[in-house]
Structures are given as C-alpha cells and as structure tokens.
1. Determine if region 279-299 includes at least one residue that is closer than 23 Å to residue 172 by Cβ and part of a helix (DSSP H, G or I).
2. Open to solvent by 40 Å² or more (accessible area, probe 1.4 Å), closer than 24 Å to residue 278 by Cβ, modelled with pLDDT of 95 or more and of a type in the set (Phe, Trp, Tyr), is that true of residue 348?
3. Given the structure, is residue 24 of a type outside the set (D, E, K, R), modelled with pLDDT under 95 and open to solvent by less than 60 Å² (accessible area, probe 1.4 Å)?
4. Can residue 306 be described as under 25 Å from the mean Cα position of the chain (by Cα), acidic (Asp, Glu) and surrounded by fewer than 16 Cβ atoms within 10 Å (Cβ to Cβ)?
5. Counting only residues that are open to solvent by less than 40 Å² (accessible area, probe 1.4 Å) and without any contact (Cβ under 8 Å) to a residue 60 or more places away in the chain, which one in region 282-303 is nearest to residue 236 (Cα to Cα)?
6. With among the acidic types (Asp, Glu), under 19 Å from residue 154 (Cβ atoms) and not in a helix (DSSP H, G or I) as the only criterion, which of 175, 197 stands out?
7. So residue 42 passes all but one of these: (1) out of contact with any Phe, Trp or Tyr (no Cβ under 6 Å at 6 or more places or on another chain); (2) assigned to a strand (DSSP E or B); (3) open to solvent by less than 10 Å² (accessible area, probe 1.4 Å). Which condition number does it fail?
Amino acid sequence: MKQLILSVMTLAALTATSQEEIRTSALNGPVIDSNGNVTLSITAPHADRVTLQLDGRQDTLMTRGNDGAWTVTTNVKPGVYRYLMIVDGVPTLDPNNVYTMRDVNTVKNLLVVDNAAHTMALADHDVPHGTVSMVSYDSPTIGVTRRMSVYTPPGYESNRSRYPVLYLLHGSGGDETAWLEQGRAAQVLDNMIASGDIRPMIVVMPNGHTDTPSAYTPMVQPRFEHQQWMEGTFERSFDDIVTFVDKTYRTKPDSRHRAIAGLSMGGYHSLYISANNPDKFAYVGLFSAAVTPRNNGGDDIYGDIETKLKNQARKRPALYWIGIGKDDFLYEDNVKLRVLLKNARMRYAYHESEGGHSWANWRAYLQIFLPQLF
C-alpha cells in the first residue's frame, strides 16, 4: 500500500512538473484581419520602452496599456516577415508566437500574412502536399557523408512516374534548410503544382558549405563565412549529388529534365557548375548571383569562364534566367555577367526588381522561374 501511495505521489509530481513547462498567456499571438492589419502584443510591465522591429519597416513604438501589455497594430502587404520586440534595448522574441525563423545565427519570429483570397503561394493551403526528407548521402569527392533536403511532389510515393529535377542552392548564410524555412519552397511548390502553374518535380536542396556536413552539426554555431567558401570544392563535388539523386529517385536523368538555380552564393555555384557541365543542365537560374571569384583557389572551376560560357551557349540551354534587385550590392556584378553572356552569344532572360539582396526578392524570383521549367 505504501508503495502504491509512493507511486501515485511520484506520478503526481511528474505531472505537475510537466504542467509547469506548459505556459499559457492571456495575450493573443499575432492577430491578422482580412485587410492585412496585424496586431502584436507583449507583457512587459516594468519596461520603459518597447518597439517592434519588422522586416521592411522602421522600428515602431508600441503602446503600453494599464495592464502592462504593450501593443501595436500595423498594416502589411501579403508576404512572409520576421520580427522582434525591442524591450528597453534588448531584442526579444514574441512569447505569444511559437513560430520562428533562423537566418545564420539570428532567430526571429515568423509572420505569414496571406491575401484576402487565400491564394498566396507562400502560405499553407488545403492542397495536396509533397514530402520533404532530410537525406544523407556519400560524397566520395569530399570523403564524408553529407545531408541535403529533398522535396518530392504530391503522389510520388503512390505512382511509378519519373520526374524532372531542380537543384536549388542557398546563399552564404544558409544551409540545406534555408530554402525550406526562409524561402518557403515547399509551400510554393505545393501551391503552384496544385494550381497547374508548374509541372510536378523533385527539388534537391544541398548544403553548399563543404566544411559543414549539415545544418545539424551538434552545437556548432552557424556562421556566415566558412573555411571552404567559394573556392571550388562544392562545384567539384556536385556530380556526387546528381549521381546519388539519379540512383535514389525516379528522375528523368537527362539535361532536358534537369535545372539548377540558386541565390547569391548559390547563384555563383549555379553559374560555374552549369558552365563547367554544359551537357547536364538545360535550365539555369541566377538569383542575385555573386559572379566574381574571390582569388582563393578554384582556378580549374572559375578560370577561362568566357570560353566555358561560349561552349555552354552552343548547347542552347532552354532557359538562362537572371534576377536582380535595383538596390542589390551585386547589381554591377550582374551587369558584367550580362556582358559576358552577350559576348558568349548566350540567350538569357533578365528580370530586374525593386529592392536589394533579400529573401523577399528570392521568393518572388522562385515563383517567376518555376513556371518556365521543363
């Protein structure tokens, strides 16, 4: 009997401990109305000043209520945003919003504002969903096992069809999760496949930093610059990825059904991988691409790019697409790239947008690029 009582008391204590970890708030999380008005709140009764730091906006002073809650309402266009509250100068996550987004080693709250018709491609909708897998693969060129994210379209598991493949590469601050978490790639693919705007495809998102096997290397602080950074190793090892994908997935393993695209550093990788392998990719997308080598190696990859582009142009890629913002710090590099392409007689499509080097642009470029594939 004593043992039973002790067991019940122990269970009650464990239950109480577990319940203490579940904290609720009297405040709402983000409240969004049909007109795009967003109301955010935080309880900070002892604070003297609280401001909202929201993507694309100047910091906005929040208003304190008698209950110690600070509130602000702002109007935003449909899109994906990150935000923080600055409490007496201290950046603070919104405790009423469990959804966050990591960019390199900075974590902010996530805010998704759909349009009134609930058709924005970046939002989650009631459509058939593809499958996202974190996949380990051997890279003989590098000599390690690495990780990548792979999206397979709705119905992949229940049929025997073969699919085209897009290799989608991240920027300097990213990893194999960047296009999923920040780029909303899975939502975009699900929604655009469901609407019939794009063909079902496999999308492969590898880690472009060869000195880091994956985004989940235990307790390693994410960083912007890497030891092996745009010096040729990733480009040399890229065939390991293509070989693994063609062996593992039901692909259409030819250039007409293979595309490569990336943002910033990923655009740089896409430029040089495709130029060095003109028979492998019929579609190339450069989103705010870096262009100029950093003089830290990779002469075999980055050297004689004019000749390589001429050889690639002779293969007549189905699409060579460039997107850049007017305020992007890589704008002039992309002007030089277009001169190189003109001299190589490479036909290309050019899209110039407002804004700079930002995920807002890269998400938009992806939605423009995808319908032109395959």
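The values are calculated or read from the model by the stated rules, or taken from the named source; none is laboratory data. Worth saying up front: this structure is predicted, and the values here are computed from it rather than measured. Cβ: placed from backbone, ideal geometry, glycine included. Neighbour counts: every protein chain shown. What goes into the accessible areas is simple: the full protein's heavy atoms, side chains included, and nothing from ligands, DNA or RNA. Shrake-Rupley method; radii C 1.70, N 1.55, O 1.52, S 1.80 Å.
1. yes
2. yes
3. Taking the combined requirement at face value, the residue does not satisfy it.
4. Spelling it out, it is not the case that residue 306 is under 25 Å from the mean Cα position of the chain (by Cα), acidic (Asp, Glu) and surrounded by fewer than 16 Cβ atoms within 10 Å (Cβ to Cβ).
5. 303
6. Among 175, 197, only 197 is among the acidic types (Asp, Glu), under 19 Å from residue 154 (Cβ atoms) and not in a helix (DSSP H, G or I).
7. All conditions are met except number (1).
Okay, residues lined up against (1) in contact (Cβ under 8 Å) with a residue 24 or more places away in the chain; (2) assigned to a strand (DSSP E or B); (3) open to solvent by 20 Å² or more (accessible area, probe 1.4 Å); (4) of a type in the set (S, T, N, Q):
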residue: 97; (1), (2), (3), (4): yes, no, no, yes
residue: 107; (1), (2), (3), (4): no, yes, yes, no
residue: 116; (1), (2), (3), (4): yes, no, yes, no
residue: 142; (1), (2), (3), (4): yes, no, yes, no
